[in-house]
Amino acid sequence: MQQIMRELDEARALLAILKPPIDELDEAPLFPSGGEQGYFDSYAQIGIHEEMIGDHVRTGTYRKFLECSGACVGKKVLDVGCGTGVLSMFAARGGAASVVGIDACSIATVAEKNVAENEMQHCVQIMQTKVEDAVLDAGSFDVIVSEWMGYFLLYESMMDSVIYARDKFLKPGGSVQPSRCSIIIAGAVLGRLAFDWDNVYGLKMKAMREVAAANMAKEAVVAVLDGTSIVTDETTIWELDALHCSVSDLEFSRPFSLAARWDTKVDGIAAWFDTFFEVDGQLKAFFSTSPSSTPTHWKQTFFYFPSGPLTVRSIAFLLSRILP
Ligand SMILES: C[S@@+](CC[C@H](N)C(=O)[O-])C[C@H]1O[C@@H](n2cnc3c(N)ncnc32)[C@H](O)[C@@H]1O
C-alpha cells in the first residue's frame, strides 16, 4: 500500500514538471521571445530550415507521400506554413493541379524565388500572410498539407492554425496530411545523458548531482535517447485525427499505467510521437520519432521524476492530467 501511495505521489508530482522543454540540458529557451512576431521571425533564420530539411526522416517521408502516393495528382493543395516552399514543390512534382504555399514569415519571399528557380510558378503560388488572414476561396482545396509538429508533438505546435485552415479552406471530402499522429510514452533511464557526478577524476560531487537533478526535474528535457533507455512497456496516451479534431482536443488528460520490463531503476518518462499519412484509410507513408528509430530533430522529450529515480520490479503510474 505504501508503495502504491508513493507511486501516486510521484504521479502527482509529475504534473508539476510537465512544462515546456529545455534542449539537451541547456537552459536557453527553445523559442524566441517577442510573441507571435518573434515566433515568425525565428523562421527567417536559415539554420532552422537547414535543420528541418536536413532531417531526412521528416522531409523524406513528406516527399514520399507528396510525390509518390498519388495523393496530389490533379488536386488543389494548400501548404500551411510553407517555409522554403519545399513541401509545395514536392506536391507540384507529385502532380498537383495547383499549390498555394502560405507562410507568415519573410522566408516566404525566399520560397517564391525557390519556386521560380525550379520553374514551378505555373503551379505553385506563395503568399506571405498568416493563414488566419489569408484571402482564398472557402472550401476550395482538396488536400491540406502542413509540417506543424513541435517537441512532444504539441509544444508550440501550429496545429490550431491547421485546424483553422481545414475548417475554412478544405473541400468536403478533402484530406489533411499528415492524417494522424500519436503520442507514446514509456519509463526510461537516461544512462549516458546523466553526468557522472559520483566520479569526477576520482572526486565525489553528490551536491552537484543533487543540484543537477533538481534543475532537470523542473522542466522537460529534449534529448536523443536510444532503445536501450526504455525500461518499461510503452503506451499510446493520445491520438490526433487531423480531419476531425478540434482546438479543444489539443488539451487533454489521460490516465496511464506502465509495467517495468525487468527489475530496474526508472529516471522518468520518455515521450515521442508517430506520424501517419493515410488516404481512404490506407497508409501511404509513416515516420516515428521513437528512441528505437532513426533520430529526428524532434529527438525525444524526457520528464524526470522530481524526487529522483525509482527502483522498481514493476511500476503502475496513474497520471491525472498532462498539459502539452
Ligand atoms: C515547421 S516550419 C515548416 C516549414 C516547411 N513547410 C518545411 O516543411 O520545411 C513551419 C512554418 O509555418 C509557419 N507558420 C506557423 N504558423 C503559421 C500561421 N498561422 N500562418 C502562416 N504560417 C505559419 C512558420 O513561419 C514556419 O515557416
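We did not get these values from a lab; they are worked out from the coordinates using the rules stated. As the structure is a prediction and not an experimental result, all values here were calculated from the model. So basically every Cβ, Gly included, is an ideal-geometry build from the backbone, and we count neighbours across all protein chains shown.
Which GluC sites (Glu not before Pro) in the stretch 87-185 pass both tests, a DSSP loop state and at most 12 other beta-carbon atoms within 10 Å?
Values: sites: E112, E117, E119, E132, E147, E156; in loops: E119, E147, E156.
Those that pass, being in a loop and sparsely packed, are E119.
How large is ³J(HN,Hα), in whole Hz, for each residue of the stretch 36-43 in order, when computed from phi with the Karplus curve 6.51 cos²θ - 1.76 cosθ + 1.60 and θ = phi - 60°, using x for Gly and Pro?
The phi angles translate into 4, 5, x, 4, 5, 4, 4, 7 Hz.
Taking amide H positions as placed 1.01 Å from N in the peptide plane, with prolines and chain starts having none, which residues 5 or more places from G101, or on another chain, fall under 5 Å of its amide H?
D79, Q125, I126, M127
If you plug each phi of the stretch 165-181 into the Karplus form 6.51 cos²θ - 1.76 cosθ + 1.60 with θ = phi - 60°, what whole-Hz ³J(HN,Hα) values come out, in order, with x for Gly and Pro?
Working through the residues one at a time gives 4, 4, 5, 9, 10, 7, 5, x, x, x, 10, 10, 10, x, 8, 8, 9 Hz.
Could you work out how much longer the chain between N118 and Y201 gets when fully extended? Use 0.36 nm per residue separation minus the Cα distance between them, nm to one decimal. Please report the intermediate quantities before stating the final value.
Values: separation 83, 0.36 × 83 = 29.88 nm, distance 5.63 nm.
Full-extension gain reported as 24.2 nm.
Arrange the following residues from fewest to most other Cβ atoms within 10 Å of their Cβ: V86, V221. Mind dumping the intermediate values first?
Details: V86 21, V221 25.
Lowest count first: V86, V221.
Taking θ = phi - 60°, what integer Hz values does the Karplus form 6.51 cos²θ - 1.76 cosθ + 1.60 yield along the stretch 138-147, in sequence order, with x for Gly and Pro?
Result, rounded to whole Hz: 5, x, 10, 9, 7, 9, 10, 10, 7, 10.
Restrict the search to the stretch 225-300; then list the chymotrypsin sites (Phe, Trp or Tyr not before Pro) that DSSP places in a loop and that have at most 10 other Cβ atoms within 10 Å of their Cβ.
Numbers: sites: W238, F252, F256, W262, W272, F273, F276, F277, F286, F287, W298; in loops: F256, W262, W298.
Answer by residue number: W262.
Would you work out if the stretch 80-175 is rounded, prolate or oblate? Take a ≥ b ≥ c from the square roots of the eigenvalues of the alpha-carbon gyration tensor; rounded if a/c is under 1.5, else prolate when a/b is larger than b/c, oblate otherwise.
Numbers: a/c = 1.62, a/b = 1.21, b/c = 1.34.
Oblate shape, in that a/c is at least 1.5 and b/c is the bigger or equal ratio.
How large, in Å, is the stretch 111-156 by the Kirkwood hydrodynamic radius built from its alpha-carbon pairs? Don't skip to the end; give the middle numbers.
Numbers: mean 1/r = 0.0751 Å⁻¹.
Computed over the stretch 111-156, the radius equals 13.3 Å.
Taking 7 Å along the Cα-to-C-beta vector as the label spot, tell me the T228-T294 distance in nanometres, rounded to one decimal.
2.2
If the label point is 7 Å along Cα→Cβ of S140, which residues in the stretch 52-93 have backbone nitrogen under 14 Å from it?
What the label zone holds, given the 14 Å backbone N cut-off, is 76-79.
DSSP loop (so not H, G, I, E, B), at most 12 other Cβ within 10 Å: list which trypsin sites (Lys or Arg not before Pro) in the stretch 194-278 pass both filters. List each step's numbers first, then the result.
Values: sites: K204, K206, R209, K218, R261, K265; in loops: K204, R261.
Sparse-neighbourhood loop trypsin sites (Lys or Arg not before Pro): K204.
Long-range amide H contacts for G268: which residues qualify at under 5 Å (H placed 1.01 Å from N, peptide plane, sequence gap of 5 or more or a different chain)?
Counting only residues 5 or more places away or on other chains, the set is A188, F305.
I need the shape label for the stretch 50-108. Rule: rounded when a/c is under 1.5, else prolate if a/b > b/c, else oblate, with a, b, c from the alpha carbon gyration tensor. Intermediate results must be reported in sequence, preceding the final value.
Details: a/c = 2.89, a/b = 1.18, b/c = 2.45.
Since a/c reaches 1.5 but b/c is at least a/b, the shape of the stretch 50-108 is classed as oblate.
Pull up all non-local amide H partners of S175: gap of 5 or more, or a different chain, and H-to-H distance under 5 Å with H placed in the peptide plane.
V143, I144
Kindly put L154, L136 in sequence by how many other C-beta atoms sit within 10 Å of each C-beta, fewest to most. Mind showing how you got there, number by number?
Working: L154 21, L136 17.
So the ranking, lowest neighbour count to highest, is L136, L154.
At a 10 Å Cβ-Cβ cut-off, how would you order C68, C181, fewest neighbours first? Provide the component values of the computation, followed by the final result.
On the way: C68 14, C181 22.
By the 10 Å Cβ count, ascending: C68, C181.
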